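Below is one structure, written out as structure tokens, with a few remarks after it.
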Amino acid sequence: MTERNLVYMLRNLFFVAFILFAGKMFSQPAMPYDWNTVCIGGGGFVSGIVTSAACEGLVYARTDVGGAYQWDADNQSWIALTDWVGEDELGFLGIESMAIDENNTDRLYLCAGTSYWNNGKSAILISEDRGKTFKKIDVSDKFRFHGNGIGRGGGERIAVDPADGRILFCGTRADGLWKSSDGALTWTKVEHFPDDKLPDENGITSVFFDLSGKRSKVFVTTSVMGRDNFFVSEDCGNTWKAVEGARTDYVIQHVAQASDGTLYICYANGCPPHPSGLGDLTQGAVMKYNPDTGDWQDITPLHESQPYCGVSVCRDNPDKVVVSTTNIYKLQCWNEKNVFGDELYRSADGGNTWTALFAEKRNKLRHGDFEWGGKHSLHWAADIEIDPFCANRAWVVSGNGLFMTEHLWEDTLVWTFQVEGIEETVPLSFATPASGATLLSAIGDYDGFRHESLSRSPSGGRFSPCMGTSSSIACAVLAPRIVARSGNRESPGAYYSEDNGKTWKKFKSLPEGNDNLWGGTIVLSANGKTVVWRAYEEQDCLPKLYMSSDWGEKWICCEGIMDEDIIPVADAVDDKFFYGYSRTSGTVYLSKDGGRCFREVSRMKSDGGNMQSVPGCAGTLLLPLSDGLWISENYGTCWKKLP
């Protein structure tokens, strides 16, 4: 998810609550609300998976902006562990890394923080009951996490000593390597680590202990190329040395250790899941390393240099291994349409020979109750994990969720879009028609959805034609069949619907004949005959406000607006009245002629949220400010604070 989309999401939190309940707020007494998630399923990057080798069925997943989850095998779904996060700790939904204490499998550690939320506040979240409750250890004064940063598909960066659960190591992006000797309650920097002055934003990419019985042996990898980036300590971090023979032309992404001690290592020329200033993620290799002998073997699948990332090995057979690529887009013929994404490889002979599962058409997709997932690829496959207790079961992450198979070593692998319980979409706008759909949404990256039931993923899938990110959506209050949405500039930038969001049409033209207009906020008059659109031309350009009464046959540039950040609002009864509110100046604007001309009618604080009109009440507006909720019952001219 992009930072811009996340900022939009935060600004719309009040909007979501208001739209769902404003119609009732004047007619019913106050009552407690029963909140739940709207079911879409997935919708974002699942950045990593960890499994327990000591407790069957114990599996966790982390996401870049949607928190952490635990696998519920009985219900074949995921349990959200971090939905308790509030606005003052919103960054904790970015989970950079996680670890299970195999000495006590009830104990879970999460590295939580996002650089652009809450001033980068970061914490290690410690659970003693498998994620039901957490203790927060604020580490912001020592180091910071960035769960939505570059390289988030690598890892894990935190590790627990399998011989002593009190000892942990944590690798950071900018502050080197740290050690705890009291179960993550306090941390001390490892002063003798050989390379903690890393020149990028990814730093130390993974930390892991030797699992073959060699007490106190720990490995660390870093994200640099052109010099040593793989290190080992034989004395629990007191002294370090570079691993001899390790490649330096690529960055290590993931490492899996087999039962015989062999390390399978994925390399790429960058940091997953996508290109960045640290590399373009176009090349890589898979290597096999024997720590006892120091021998290295290049086992790159089919000798094809491409970015490899995820790797896992069967617990009971050190020769059965799977790897995944990231950031490549090859043909995947596994559903009803051809899509392009990553490749998965498996080997039953220690990497001497490989089967390319997509290229050889071994994969099939079952989307289950999540229709929208059946039309998409497996991409950003940065992590893949085999169940330690069932060699045929595996999970692989994706930019749109997570997939699971129970057929890993069979001729045909059926992969299920296993996202029940994971909700990681970025909601940017909502609309609730008076009839028809229960909810219409504008979603970052995945367009939006038409919900008839909030507890089921829509059978119609995402909106089509697709535009990627939809930034806003609106329905006509008195003509609920009329809907409009705006979004990405790579597509026409705006669509409208005349059947309550079931199908969509392009506007007949875009304002000023400019095909580069996109995004912003779009609203509809109460009768659905006029659209007002605050649209952008370029990423950093100021938006303009336009109106049309003929679905874009002709557009008029709205007059009288003195603030570039105005958010347009349509009156919920009178189709000639439109409003605007500026978060910069606090100015409230009014148009009485269908949006052609606006004038200032009042000034409020400039710290408000989204102003809204009230259904059934002409000229009535609500405006949330920092000191409470304000109401105007005379077209924005005068305001009073609600008790």
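The values are calculated or read from the model by the stated rules, or taken from the named source; none is laboratory data. Everything numeric here is computed off the predicted structure, so don't read it as measured data. Don't worry about glycine lacking a Cβ; one is built from the backbone with ideal geometry, like all the others, and counts go over all protein chains shown. When the accessible area is computed, the model is the full protein with side chains, heavy atoms only, and any ligands, DNA or RNA have been set aside. Shrake-Rupley method; radii C 1.70, N 1.55, O 1.52, S 1.80 Å.
I'm checking a number: the convex hull volume of the Cα atoms of region 127-186, normalised per residue, in Å³. What is it? Could the numbers behind the result be given before it?
Working: hull volume 6.6 nm³, N = 60.
Output value, Cα hull per residue: 111 Å³.
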| Sorted by average packing, counted as other Cβ atoms within 10 angstrom per residue and highest first, what order do 520-532, 298-310 take? | 520-532, 298-310
| request: Excluding residues fewer than 8 places away in the same chain, name every one of the lysines whose C-alpha is closer than 16 Å to that of LYS121. | output: LYS135, LYS136, LYS142
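On the protein heavy atoms, probe 1.4 angstrom, tell me the percent of accessible surface of region 442-534 carried by carbon and sulfur.
Numbers: 1550 of 3360 Å².
The C+S portion of the solvent-accessible surface of region 442-534 is 46 percent.
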| note | Expressed to one decimal in nm², the mean projection of the alpha carbon convex hull of region 127-252 is 8.2
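What Kirkwood radius, in Å to one decimal, follows from the Cα pairs of region 390-498? Let's see the in-between values first.
Numbers: mean 1/r = 0.0641 Å⁻¹.
Radius from the Kirkwood sum: 15.6 Å.
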| field | Whole-Å distance, taken between Cα centres, linking region 52-124 and region 523-547 | value | 39
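Accessible area per residue for the chain in Å², computed with a 1.4 Å probe and the full protein assembly in place, what is it? Mind dumping the intermediate values first?
On the way: 24810 Å² over 643 residues.
Ligands and nucleic acids excluded, the figure is 39 Å² per residue.
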| query | List the chymotrypsin sites (Phe, Trp or Tyr not before Pro) in region 93-151 that DSSP assigns to loop (not H, G, I, E or B) and whose Cβ has at most 15 other Cβ atoms within 10 Å. Which are they? | reply | TYR116
| note | Here the percent of antiparallel bridges among DSSP beta bridges lying wholly in region 350-507, to the nearest 5, is 90
| For region 180-213 and region 293-312, what is the separation of their C-alpha centers, rounded to whole Å? | 25
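Write down, largest first, the equivalent ellipsoid semi-axes of the chain in whole Å, where each equals the square root of 5 times an eigenvalue of the alpha-carbon gyration tensor.
In descending order the semi-axes read 48, 26, 22 Å.
GluC sites (Glu not before Pro), restricted to region 198-276: which are DSSP loop and have at most 12 other Cβ atoms within 10 Å? Kindly include the intermediate steps, with their values, before the conclusion.
On the way: sites: GLU201, GLU234, GLU244; in loops: GLU201, GLU234, GLU244.
Those that pass, being in a loop and sparsely packed, are GLU244.
Just to be sure I understand: of the beta bridges DSSP finds with both ends in the chain, what percent are antiparallel, rounded to 5?
Values: 140 of 146 bridges.
The answer is about 95 percent antiparallel.
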| query | List the lysines whose alpha-carbon lies under 28 Å from that of LYS529, not counting same-chain residues fewer than 8 positions away? | reply | LYS24, LYS502, LYS505, LYS506, LYS508, LYS544, LYS554, LYS576, LYS592
| note | Taking protein heavy atoms only, a 1.4 Å probe, and rounding to whole percent, the accessible area of region 203-360 owed to carbon and sulfur comes out at 45
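How about region 535-643: which GluC sites (Glu not before Pro) there are in a DSSP loop, with at most 11 other Cβ atoms within 10 Å of their Cβ? Walk me through the numbers on the way to the answer.
Numbers: sites: GLU537, GLU538, GLU553, GLU559, GLU564, GLU600, GLU633; in loops: GLU537, GLU538, GLU553, GLU564, GLU633.
Loop-located and lightly packed - GLU538, GLU553.
Quick check on the chain: helices-only [θ] at 222 nm, where DSSP H runs of length 4 and up contribute -39,500 (n - 2.57) each and the sum goes over total residues. Nearest 500, please. Before the final figure, lay out each step's value.
On the way: 2 runs with 22 residues, N = 643.
Theoretical 222 nm ellipticity from helices: -1000 deg cm²/dmol.
Sorted by accessible area (1.4 Å probe), largest first, how do LEU278, LEU517 line up? List each step's numbers first, then the result.
Details: LEU278 35, LEU517 5 Å².
From most accessible down to least: LEU278, LEU517.
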| query | Once label points are set 7 Å from the Cα along Cα→Cβ at both LYS592 and GLN297, what is their separation, rounded to one decimal in nm? | reply | 8.5
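All other residues with a Cβ under 13 Å from the Cβ of ARG227 taken together, and with Lys, Arg as +1 and Asp, Glu as -1, what is their net charge?
On the way: positive: LYS197, ARG247; negative: ASP195, ASP200, ASP228, ASP249.
Summing Lys and Arg as +1 and Asp and Glu as -1 gives -2.
May I ask what percent, to the nearest 5, of DSSP beta bridges between residues of region 351-440 are antiparallel? Provide the component values of the computation, followed by the final result.
Working: 13 of 17 bridges.
The antiparallel proportion sits near 75 percent.
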